[in-house]
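Trainee: Input: one structure, supplied below.
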Amino acid sequence: MKPSEAKKKSSGAEKKRIRILIADDHTVVREGLVALVKRKSDMVIVAAASNGREAVDLWKQYRPDVTLLDLRMPELDGVGAIKEIREVDPNAQIVVLTTYDSDEHIYRAIKAGAKAYLLKDTARDALVETVRRVFVGETYLPPPIAAKLAERVSGAALSQREMEVLQRMATGKSNKEIGTELFISDGTVKTHVSSIFSKLEVVSRTEAIATATRRGLIQL
């Protein structure tokens with residue numbers, strides 16, 4: 001076989017492999033994923049990013065088939081990165097791989113355009129299989145993740161103003177202090193607090209903050 005023919009054959013084989021971009025700010029996780037992918041004959045790493053901004057830039061440069069993306073990253077978080085990537089290509093195939101399993105995190109990632117949502121304790125074989133499924137156009141949510149998403153979608157969402165009130169409640173501010181900061185009356189604050197309690201199905205500020213934290217609505 002002539003060198004030119006061998007090169008063409010090699011190039012053709014390379015195109016059949018799933019080209020993957022990995023984005024995670026933890027070096028150990030990033031290197032572990034790279035090592036895992038390198039052991040798969042049908043996959044190849046095209047780039048690895050340590051923050052969300054770099055992930056977007058590398059995606060634009062390499063246009064990978066599938067992106068493995070963490071949610072909590074510096075400079076630009078995972079949801080922001082997903083949105084920017086999909087503004088360039090609405091068909092971008094992105095798999096979220098994270099430690100966050102709250103219904104709000106899941107909802108925001110899927111709404112932004114992620115095709116799959118996995119936790120970092122997912123078995124290696126399941127992770128690899130998910131990459132393959134997303135590559136051919138499928139979406140995938142493990143049953144526990146799908147259940148939390150369904151709960152989030154079926155529940156009443158807090159309004160932007162209610163979120164602002166909730167965030168200030170979490171810092172220990174009184175209704176009067178919240179009203180002063182938001183330029184609304186004490187009565188209006190009380191109305192928002194009552195609505196927050198109803199939507200979160202709680203009966204106290206402490207329970208509201210605990211529930212909101214568990215669901216990923218706020219971070220303490």
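Trainee: Between E207 and K120, what is the FRET efficiency for a Förster distance of 35 Å, r being their Cβ-Cβ separation, to the nearest 0.05?
Mentor: 0.75
Trainee: Another question, if that's okay. Just tell me which aspartates and glutamates come within less than 18 Å, Cα to Cα, of K111; anything on the same chain fewer than 8 places away is out.
Mentor: The qualifying aspartates and glutamates are D70, D77, E84, E87, D89, D101, D103, E138, E151.
Trainee: For the peptides 203-211, 111-119, what is the packing order when you average, over each peptide's residues, the other Cβ atoms within 10 Å and list the highest mean first?
Mentor: By packing density, highest mean first, the sequence is 111-119, 203-211.
Trainee: Let me ask you something else. Roughly how many nanometres apart are two label points built 7 Å out from the Cα toward the Cβ at V29 and S185?
Mentor: 4.7 nm
Trainee: So, one more: Applying the Karplus parametrisation 6.51 cos²θ - 1.76 cosθ + 1.60 with θ = phi - 60° to the phi angles of segment 139-151, what ³J(HN,Hα) value in whole Hz is obtained for each residue in order, glycine and proline being reported as x?
Mentor: Couplings: 10, 8, 10, x, x, x, 5, 4, 5, 5, 5, 4, 5 Hz.
Trainee: Could you check the spin-label model distance between V153 and K83? Points 7 Å from the Cα along Cα→Cβ, value in nm.
Mentor: Here the modelled spin labels are 2.1 nm apart.
Trainee: Continuing with the same structure: Under a straight-distance cross-link criterion of Cα-Cα below 19 Å, which aspartates and glutamates are reachable from K176, leaving out those fewer than 8 residues away in the same chain?
Mentor: E162, E164, D186
Trainee: Set the Förster distance to 45 Å, then compute FRET efficiency between F197 and R63 from the Cβ-Cβ distance, nearest 0.05.
Mentor: Result of the calculation: an efficiency of 0.45.
Trainee: Mean residue ellipticity at 222 nm from the helices of the chain, using -39,500 (n - 2.57) per DSSP H segment of n ≥ 4 over the full residue count, to the nearest 500 deg cm²/dmol?
Mentor: One gets -17500 deg cm²/dmol as the mean residue ellipticity at 222 nm.
Trainee: Would you mind computing, in nm to one decimal, how far apart the modelled labels at R161 and T99 are, each placed 7 Å from Cα along Cα→Cβ?
Mentor: 3.8 nm
Trainee: How much net charge surrounds V131 when only the other residues with a Cβ under 14 Å from the Cβ of V131 are counted, with Lys and Arg +1 and Asp and Glu -1?
Mentor: Result for the neighbourhood of V131: +4.
Just so you know, all these numbers are worked out from the coordinates, no wet-lab data involved. Fair warning: this is a prediction, and the values are worked out from it, not measured in the lab. Counting neighbours? That spans all protein chains shown, and the Cβs are built from the backbone with ideal geometry, glycine included.
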